[in-house]
Amino acid sequence: MDTEVDPTAPTTCFHHRDRETGRRCTRCGRPACSDCLHPASVGSHCWECIRAAAPPRSEQLKRAWRGDDLLVTKALIAVNVVMFLPTVAGGGAFGSTTAAFHERFALFGPALAHGEWYRLFTSGFLHFGIIHLAMNMYILFLLGRTLEAGIGRARFATIYLASLVGGSLGAVVLSPGALTAGASGAVFGLAGAATLGLSRRGVPFAATGWGPMLLLNLVITFSIPGISIGGHVGGLVVGLILGHLTLDPRLGAQRPALGFVAAVLIVVVGVVGAFAFVQQEYGECTPVPFATGQYTCTNP
């Protein structure tokens, strides 16, 4: 004998078998309770259909990266914070310059003369204490909000790296025997580029925000002992050069690759110039180990 089923009779949810429901997923047609259904552009979809339609995890990450206007800024801040952790472990969290990590990776002329080239780069990611780190990272974050979304990740990262090397060169030339570290050279470069870029777009110098900040920080740099004048000025000069070549509305539009080529040349000149200078100053000195086994020099 044939039987008939009332289509309006309640059925149980496909997931919660103890719940009766009169609703169905508009995608797969299965009965589902309100907890399992989610509003869609047309009708409601169950959670299994939503999960099945979701892109792979790798694609989700790519979409998140593409939509993040501060990706490079956040990555640079993360690297600086991670590099600070060994400083904390070595007792340098509150400003000590004798932490073993500093002696191994900070900028130091005699060590650079003996082949430790990586110090030109690693020194820009080290900081002497939590206040030093916090100030640089806060300014870097503000600069990222101003620059990264406007000029693009590649240009932002290029200006940062080239300014870092320019700051290292300046520090080596003016204070080769000092143990130098900090992202200030790179930050000064970004601030210089931002100031110049905004000025070229008709924003008055005082209204750029970064111009007055730069002037104030230059006064502090030259007034307070222990601050790397060469690091700050070197980074600023590079930032102004790249700001002119990259952010000028006419020049940057006509020759978009010019800034990248100039940045590569600056990095090469900075590395070669730093090596040439320290070789002349310390190339024939007798290396005397730090307590941690690194170099100092007593008879240049």
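Annotation: GLY115 fulfils all but one of (1) more than 16 Å from the chain's Cα centre (by Cα); (2) in a helix (DSSP H, G or I); (3) without any contact (Cβ under 8 Å) to a residue 24 or more places away in the chain; the unmet one is (2). Of all residues in the range 198-227, those that are modelled with pLDDT under 85 have Cβ atoms under 6 Å from Cβ atoms of residues that are assigned to a loop (DSSP other than H, G, I, E, B), 6 or more apart or on another chain, in ARG200/ASP248. The condition of being modelled with pLDDT of 75 or more, surrounded by 11 or more Cβ atoms within 10 Å (Cβ to Cβ), assigned by TED's automatic domain parsing to the domain that holds VAL173 and touching a Cys at 6+ places or on another chain (Cβ under 7 Å) does not hold for PRO31. Looking at the range 249-259, can you tell me whether even one residue there is at pLDDT 70 or above and in contact with a Leu (Cβ under 6 Å, 6 or more places away or on another chain)? Yes - at least one qualifying residue is present in the range 249-259.
When HIS127, HIS102 are checked against the criterion of being buried (at least 22 other Cβ atoms within 10 Å of the Cβ), of a type outside the set (Lys, Arg) and not in a helix (DSSP H, G or I), HIS127 stands alone in meeting it.
Restricting attention to the range 1-28, and to residues there that are of a type in the set (Asp, Glu) and at pLDDT below 85, which single residue is farthest from GLU48 (Cα to Cα)? For the range 1-28, the residue satisfying everything is ASP2. Across the range 277-289, the number of residues qualifying as modelled with pLDDT of 65 or more and either outside the structural domain of LEU120 (by TED's automatic domain parsing) or surrounded by 13 or more Cβ atoms within 10 Å (Cβ to Cβ) (or both) comes to 7.
The values are calculated or read from the model by the stated rules, or taken from the named source; none is laboratory data. Computed from a predicted model, the values in this text were never measured in an experiment. Because the Cβ atoms are built from the backbone with ideal geometry, glycine has one as well, and the counts that use them run over all protein chains shown.
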